Structures are given as C-alpha cells and as structure tokens.
C-alpha cells in the first residue's frame with residue numbers, strides 16, 4: 001500500500017485503448033504474480049491494493065478470485081527460482097574466543113603453582129587451581145560453539161533435561177590425573193602414602209594430560225565452530241537429505257581428525273614442558289570422547305553422551321575396584337584381567353581401552369546423528 | 001450453557017486481537033458460563049497480562065504457541081510407524097501428490113489450495129482430516145508429538161512427499177533448508193495437538209466451542225469435536241488465510257506453498273466441521289465461501305460498536321457549521337487524502353465558504369510522512385484567507401487530532417461538520433463510517449471494502465479516486481440541508497439496527513441456542529456402579545439458564561459395554577476460577 005501510483009487504474013487503461021487490460025494489470029503487479037504460489041495469494045494481494053469485485057468486473061471477471069486465477073494461470077514461471085543466498089556464518093565473537101582460552105591458562109597457572117610450592121601451600125594451591133579450572137571451564141562452555149543454549153547454536157533446542165554428565169566427566173579427568181599411579185600402587189600392594197603432587201613420588205601425579213585437555217578447549221571450540229559454519233553452508237547447498245548426509249560425513253570425520261591432531265600436538269608440547277612422557281594415548285582417547293560428547297550435547301542429543309560417559313567412568317572404577325577386591329580371601333581371580341592388561345601394556349592401557357572404546361562408540365553414533373539435517377536446523381526464531 | 005471460547009493471541013491478553021469484542025460478548029452473555037482456552041502468541045504478550053475477567057468466566061487455560069515445551073516423549077516403534085504414516089499422508093496432501101493406495105491419483109490438481117474451490121476432490125479433504133485426527137489421537141495417547149514433529153523422521157517424510165510423482169512444482173523444488181523450515185512451521189502450527197485440553201475435565205465439559213478466529217484457534221475446537229463431539233462454531237472478523245498470505249514471511253516458494261496449503265486445508269476443515277461459521281462482513285464471507293464453507297452454515301454478524309458515546313450528538317442534529325466537511329480516521333496513504341484535497345478544491349469553486357477539517361493522527365512513520373505531504377499540498381492548493389483586511393487569516397483546510405480541547409472525542413469531530421467524507425482507496429470494515437452514521441451525519445464515501453454494505457442507502461457513494469464525483473456529491477449535500485437531515489436520520493437508524501453491541505451479542509446468543517438445539521453433546525452419564533443413569537441430563541440443560549451447578553456429581557466409570565461412545569463425566573459443580 002506504500003505506492004499509490006502503482007494502484008490499478010482500469011479506467012485509464014481502457015481510455016488509452018489497451019487491448020488486454022489483464023496484461024497491463026499483471027505488468028503492474030508482476031512482483032505479486034511471480035511470487036504467488038497459488039491464486040488466492042494473488043487475490044489477497046490484489047485486494048490489499050484496493051481491487052474489489054467491482055473493479056474485477058471491468059476486467060470481465062465475476063470477482064477478484066477469478067481475476068486472480070486468470071493472472072495466476074497466465075504468469076510465466078519458466079525461470080528457475082534463484083538459489084537462496086548462503087546463510088550468514090555463525091559469528092566469531094571475542095567473548096567466547098577468549099573464554100575458551102581460560103581453562104588452559106588457569107590450568108597452566110595451577111600446575112606452575114603446584115610445582116613451585118611444597119607442603120601445606122601446595123595442597124592449597126592444588127585446591128584453588130582445581131576450583132579455578134572448574135570455573136573457567138564453566139565459563140568456556142557457557143557461550144560460543146560449545147554452549148548448549150547459545151542463540152547461534154544449531155539444532156533443536158534441548159529442554160531443561162540433560163544427562164548428568166558433569167560428575168562422570170570429573171571422575172574421568174581425576175582418573176587421568178591420579179588413576180594410573182593408584183592402579184600401579186594397588187597392584188603392588190599399596191597405596192601406602194597419599195599423592196604428594198609430584199610426578200616422581202610413589203603415587204605420581206600426571207599433570208601433563210590434564211593440562212593438555214584444558215588447553216584443548218580452544219581447538220575444540222574452533223573446530224566445533226568450523227563444523228557449524230560448514231554444515232550451514234552444506235545445508236543451504238544440498239538438494240536432498242541424502243546429499244547432505246553424504247557431504248556431512250567427511251566433514252564430520254575431518255573435523256574430528258583436526259581436533260585429534262591439535263590435541264596430540266598439545267599433549268606432546270605439555271609432555272615436553274613438564275618433563276612427563278607417556279599417558280598420551282589415554283589422554284587422546286579421553287579428549288576424543290569428551291569432544292564427541294560435547295558435540296552431541298550442543299546439537300541437542302543429550303542421552304547418548306550421558307550413557308557413554310557413565311559407562312566409561314564405571315568401567316574405570318570397576319577396573320580399580322577389582323584390584324582392591326581381589327585382596328579379599330577367595331576373590332584373587334578378580335584382579336587377573338586388569339593385572340594381565342597392566343603387565344602387557346602398562347597401567348595406562350585400562351583408561352585407554354575404556355575411553356577408546358567409548359569414543360569409538362560415540363564416533364559411530366555421531367556420524368549417524370550429526371549427518372541428519374534436523375540436527376542442524378536453525379534454532380527457533382526469537383520470541 | 002457452558003461455552004468454550006477458543007482464542008489465539010487474543011482475549012484475555014491485554015494486547016490480544018479482538019479482545020474488546022470477546023470481552024463484550026462474555027459480559028453480554030452473563031447467563032452463560034465461559035471457559036476460555038487461549039493460545040498466546042509471544043512472551044511479550046504473556047508478560048503484559050490479562051484484561052479484567054468477567055465473573056462468568058469459569059476458568060482460563062492458556063498455552064504458549066511461541067515456546068516449545070520439551071516433552072520427554074519418545075515414541076515406541078509402533079507409534080513411530082503410525083506417526084510416519086499419518087505425517088506422510090499430511091505431507092502428501094500438502095504437496096498435492098497422491099498418497100496412500102486408497103486415494104485416487106490427484107495429479108491433475110494444480111495446487112492444493114487452488115483445488116479447494118468448487119468441485120474440490122473431497123478425498124483430498126478427507127485425507128487431510130484423517131491425517132490430522134490420526135496425529136491428534138497419537139499425540140493424545142503418547143502425551144505429545146513435539147519431539148516427533150521435529151525429528152529427522154518428519155523431515156524425511158516431508159522430503160519423500162515432496163519428491164513423490166504428482167507433487168506440484170513448488171514442492172518438488174524444495175531444498176533441505178526449505179524442508180527444515182516447513183517441518184518447524186508445521187510443528188509450531190500443530191502444537192495444539194499436544195495439549196491436554198481435550199480430556200473430560202477440559203473441553204469435554206463444554207456444550208459448545210466458539211473459536212474467536214479461524215486458523216490455529218479453530219484447531220482445538222476441531223479436536224474437541226473429534227474426541228468428545230462438542231459442536232464447533234467459528235467466527236472470523238478477518239479471514240485468517242488471507243492474513244496468512246499477506247503476512248507470510250519472505251521464504252522460498254516451496255515453504256510458502258506448503259504452508260499456504262496447510263492453512264488452506266485447515267481452514268477448509270474448520271469450515272467443514274463447524275456447525276455455524278460467522279463472517280464479519282460480505283468480504284470475509286466471500287473468502288469463506290471460496291475456501292469451501294457451505295453457504296447454509298454462513299451467517300453474517302456485523303461487528304458491534306458502543307453507541308452510547310454518539311447518542312448525544314446523534315439525537316441533536318444541529319451542527320456547528322453547515323458549511324464544514326469532516327474527515328475522521330488514521331492518516332495513511334490508503335486513505336487517499338490527496339484525492340480528498342483535490343475534491344475539496346472542486347467544492348470550493350462551487351461553494352467558496354466551505355471548510356474542511358481533517359481529524360486524525362498519523363498511523364506509523366509512513367502515515368506521518370503522508371500527513372506532511374498532505375499539509376504541503378493543502379497549503380499549495382488553498383491560500384490562507386481572512387475575513388477582512390485587518391484580521392489574521394487561516395487555511396480553509398485544518399489538520400487536527402482528537403483529544404485536544406476543541407475535539408475531546410470522536411463524536412465531537414463528527415458533530416463539528418455537516419457532512420462526513422470518507423475517501424479511502426482500501427478499506428476493510430469502515431469503523432469511521434459507522435461512527436458517522438451513529439452521529440446521524442450525512443456521509444459521502446468511496447466504494448471500497450464493506451462501505452456499500454454498511455451504508456446501505458443512507459449515504460452517498462462515489463467511485464474511489466474520483467475527486468470530481470466526490471466533490472459533486474459533497475456539494476449536493478451541502479446545498480440541501482433537508483436531504484442531509486433525512487440521510488443522517490436514516491443512517492443513524494440503520495447503524496442502531498445493525499452495528500450495535502447489543503445486536504452483535506444477540507446474534508451470537510441466537511446462534512449458540514440454535515447450535516445447542518441442533519447438535520447437543522450426547523453425554524452418557526454413569527452412576528457409581530457404572531450403569532447408565534437415565535434422565536441425568538435434565539431437559540433444562542438446553543434452556544439458557546444456569547443449570548450446571550445443579551447436576552449431580554457423578555463418576556465416569558469405565559464400564560457400560562453397550563454404550564457405543566466413550567462415557568463422559570458429567571459436568572462437575574463449579575470450582576473456583578483458575579488463575580483469575
């Protein structure tokens with residue numbers, strides 16, 4: 001209604017002697033005609049421009065509906081519909097880009113503090129460091145591509161319900177930190193002392209993998225961001241759901257490999273800096289597991305990650321518990337599987353095996369779930 | 001009687017559409033009880049709260065349409081298969097393609113909505129209805145369908161329907177983002193399916209469902225009718241389908257085509273199942289007929305206006321200045337004030353003492369710009385003039401707003417002139433014209449929208465965008481005071497007869513009684529042992545008196561094998577108002 005000059009003036013057309021008044025009308029409303037998906041849409045548009053049944057009578061039509069039908073039938077629709085513009089990629093924002101660096105930085109500071117202190121202060125430093133890293137992680141997961149509730153996030157919005165994954169994640173990380181030493185001590189009949197916080201004590205602390213995992217928050221966020229951006233582009237350009245799934249599979253695996261590469265590099269770096277070697281395979285497996293679980297969670301699939309993380313944590317706990325349980329009379333056979341594993345491949349093989357199997361299961365699950373278009377559907381419009 | 005009033009984004013919300021009408025209806029029919037079932041449209045609307053409720057509103061149940069409440073419903077294998085079947089059928093109907101084996105090939109139908117008119121294949125409508133009610137039953141059994149409607153299975157089913165042979169052109173071109181968009185929109189539109197309103201303590205207890213608008217608001221009514229046999233009545237003051245076309249967001253053709261098909265089918269289904277469909281004017285009625293409403297079901301119930309503010313002016317027909325024309329309304333381009341100014345120039349040539357008062361505030365920024373344009377034009381066309389060489393002059397065209405000391409109310413604006421002019425090129429139901437009629441003014445209006453229908457023979461009507469005709473009509477009235485008075489009196493009589501609140505409420509009351517007498521809800525009441533209770537519904541049930549409180553409290557037992565339908569709990573005594 002903004003342009004009254006475009007309003008139809010049938011009287012004037014007849015005065016100018018147009019042979020085909022409907023054609024002139026169609027020319028005047030060509031946008032409407034080309035856009036319309038059915039005659040009723042043209043009728044609604046014409047009425048909004050002030051054309052009534054009495055006007056339609058001058059075009060030799062009974063009412064606006066039959067006039068609209070003629071216009072709908074006559075409009076040429078041979079031109080292919082133009083491809084929609086590619087969607088705007090999710091924005092890289094300074095807040096999440098910086099906050100993903102937070103856990104790594106805090107963890108590095110905590111490790112340094114633990115290394116520099118002794119005795120009571122060391123305990124305090126360790127506790128404060130753990131708390132700081134937890135808070136940093138919380139901040140990193142609240143915004144950006146790793147967030148479950150970000151407005152820019154794809155996929156159906158999950159409700160308040162979520163699998164309780166936090167305690168299990170905590171347990172898995174704690175195991176990486178202390179588990180190998182505990183297992184070795186347990187098999188040798190210990191542990192006799194509490195961990196001292198050094199990598200060379202009787203119950204050694206393996207800080208390098210945890211530091212690497214904390215640092216890996218940043219590459220995880222960036223790879224997830226990359227996945228979202230690429231998936232959005234693929235979504236816009238694919239013709240069918242099968243096409244989309246076929247395009248997503250290599251993208252998903254590539255993203256995963258990219259993250260693994262980054263994590264491996266971080267592990268090597270941290271091992272070199274802290275002077276610890278080994279334990280990189282289990283950290284790699286754990287990192288992969290946590291990355292996949294987070295990826296699924298951000299896309300609205302909360303059930304599988306919760307189940308798999310719980311199962312992994314349980315497996316590790318059962319491994320440890322079986323060693324302690326074997327000390328009871330008559331139950332010595334319980335420790336045999338773990339003992340065999342440890343003597344063959346070392347203490348790290350237990351978490352490697354558990355996390356690796358779990359990560360593999362989640363990877364298979366991810367390639368099934370995240371190649372679906374519905375997982376990448378744009379989130380609900382603003383209220 | 002107990003009436004279930006179904007609204008979408010309307011009553012009882014403060015910012016709702018048609019809340020004034022609903023409020024008057026509810027207050028006007030104080031002898032009946034109303035249960036309001038409201039779907040809210042936005043969080044903002046919910047935050048603004050409700051209008052004060054009438055005491056005969058027994059309960060208000062609301063559900064948000066803007067928010068997906070996550071249900072934890074995971075469909076089992078069988079339910080999933082049923083869902084895919086029904087949703088596939090729905091999608092096939094929307095795509096215009098042939099669906100199940102039972103349906104005949106419908107390849108000839110060019111477009112789903114286009115085929116609605118005239119001899120539309122009824123099987124298509126049946127398929128849509130079957131799919132819709134199938135989904136509704138599934139939602140009722142499983143406790144919700146939101147998850148399923150958003151799932152990959154739904155998107156996949158849509159894709160299959162779009163690619164099926166016989167699907168129309170726009171649907172065939174649907175790409176993956178389009179499918180996702182359609183699935184999301186359908187999920188939104190079908191949210192009423194997952195509500196728990198259709199149980200025996202919800203819409204099952206009402207005697208009549210009255211949907212205050214078409215479209216989504218009618219959907220709960222359709223489901224209530226399907227589940228419990230409650231008769232449905234649909235009132236439309238604006239056609240929802242037409243609004244959908246005008247307000248549809250800019251989306252790819254595939255999305256718009258499928259959604260338009262859904263809205264069209266839904267409207268047709270509502271018109272088909274409703275006992276009575278009321279239209280606000282002939283224009284709405286024509287759209288309803290076009291969308292498949294049966295002519296016998298259609299009633300025109302004109303919107304009602306409160307006549308009291310206009311009584312004083314209407315009863316005393318002496319006007320301030322017999323040489324003044326008045327225009328009242330919101331200033332916007334569709335009102336074509338430019339034509340009016342040109343017409344006024346013509347009038348001035350013949351009657352040089354005439355003045356024109358343009359009363360109204362601009363509507364939006366576009367209206368403000370238009371008002372500025374009109375002021376400039378008026379200044380160019382008419383120089384300021386004064387009574388004598390020593391007096392300050394002013395322009396014969398004045399722009400005023402209601403609310404000032406000179407014009408405190410709309411009635412005063414109409415009262416200040418001899419003739420009220422309406423110069424619109426686009427108009428729906430001309431409220432300003434009815435106000436002028438209630439004031440007993442002679443009117444000159446353009447032939448747009450429902451103007452002719454409203455004015456009848458009680459005013460002059462000229463073609464739109466014809467300043468000369470408008471001017472001639474105005475001059476004719478200005479020169480003939482007796483004709484003015486005759487027309488004004490006739491107009492007031494007509495408006496009091498047709499466009500008052502009382503007639504509106506009376507019309508709805510009559511329709512309610514008619515529906516309840518023709519299509520009473522057959523409820524089988526059971527006593528404590530599960531045996532049917534004869535004469536449990538007294539004859540007074542169908543008489544418009546308060547009877548609900550008198551009915552015995554009865555438990556609906558599961559037994560009664562000889563009863564064909566599901567036994568329904570008798571209406572329980574009136575509980576306290578919910579949330580009110």
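The values are calculated or read from the model by the stated rules, or taken from the named source; none is laboratory data. Treat the numbers as computed from the prediction; the structure is a model and nothing was measured. Here the Cβ positions follow ideal geometry from the backbone for every residue, glycine too, while neighbour counts run over all protein chains shown.
Points to keep in mind about this one:
- Residues of the range A:29-60 that turn out to be farther than 22 Å from residue B:423 by Cα and in a helix (DSSP H, G or I), as a count: 11
- Residue list for the range B:154-191, filter: more than 9 Å from chain A (Cβ to nearest Cβ), assigned to a helix (DSSP H, G or I) and either in contact with a strand residue (DSSP E or B) (Cβ under 7 Å, 6 or more places away or on another chain) or closer than 22 Å to residue A:300 by Cβ (or both): B:157, B:158, B:182, B:185, B:186, B:187, B:189, B:191
- Residue within the range A:40-47 that is more than 23 Å from residue B:450 (Cβ to Cβ), touching a helix residue (DSSP H, G or I) at 6+ places or on another chain (Cβ under 8 Å) and either surrounded by fewer than 21 Cβ atoms within 10 Å (Cβ to Cβ) or within 11 Å of chain B (Cβ to nearest Cβ) (or both) present: no
- For the residues A:348, A:356, A:319, A:330, the requirement of being farther than 30 Å from residue A:247 by Cα and either modelled with pLDDT of 90 or more or out of contact with any helix residue (DSSP H, G or I) (no Cβ under 8 Å at 6 or more places or on another chain) (or both) singles out A:330.
- Residue list for the range B:311-340, restricted to those being farther than 14 Å from residue B:420 by Cα, at pLDDT 85 or above and away from chain A (no Cβ under 11 Å): B:311, B:330, B:331
- Any hit, the range A:348-368, residues being more than 24 Å from the chain's Cα centre (by Cα), over 30 Å from residue A:251 (Cβ atoms) and in a loop (DSSP other than H, G, I, E, B): yes
- The range A:235-282, residues that are closer than 17 Å to residue A:224 by Cα and within 14 Å of chain B (Cβ to nearest Cβ): A:235, A:247, A:248
- Index of the failed condition, residue B:224 passing every other in (1) within 13 Å of chain A (Cβ to nearest Cβ); (2) touching a residue at least 60 places away in the same chain (Cβ under 8 Å); (3) not in a loop (DSSP other than H, G, I, E, B): (1)
- All positions within the range A:247-275 that are under 21 Å from the mean Cα position of the chain (by Cα) and without any contact (Cβ under 8 Å) to a residue 12 or more places away in the chain: A:250, A:254, A:257, A:261
- Sole exception among (1) touching a helix residue (DSSP H, G or I) at 6+ places or on another chain (Cβ under 8 Å); (2) closer than 30 Å to residue B:154 by Cα for residue A:284, by number: (2)
- Answer residue from the range B:26-46, given it is part of a helix (DSSP H, G or I) and within 14 Å of another protein chain (Cβ to nearest Cβ) and is surrounded by the most Cβ atoms within 10 Å (Cβ to Cβ) among those: B:45
- Members of the range B:481-515 that are farther than 22 Å from residue B:455 by Cβ and touching a helix residue (DSSP H, G or I) at 6+ places or on another chain (Cβ under 7 Å): B:505, B:508
- In the range B:441-463, the residues that are touching a helix residue (DSSP H, G or I) at 6+ places or on another chain (Cβ under 8 Å), assigned to a loop (DSSP other than H, G, I, E, B) and more than 21 Å from residue B:324 (Cα to Cα): B:447, B:449, B:450, B:456, B:457, B:463
- Filtered residues of the range B:343-378 (kept if closer than 15 Å to residue B:398 by Cβ, in contact with a strand residue (DSSP E or B) (Cβ under 8 Å, 6 or more places away or on another chain) and part of a loop (DSSP other than H, G, I, E, B)): B:354, B:360, B:361
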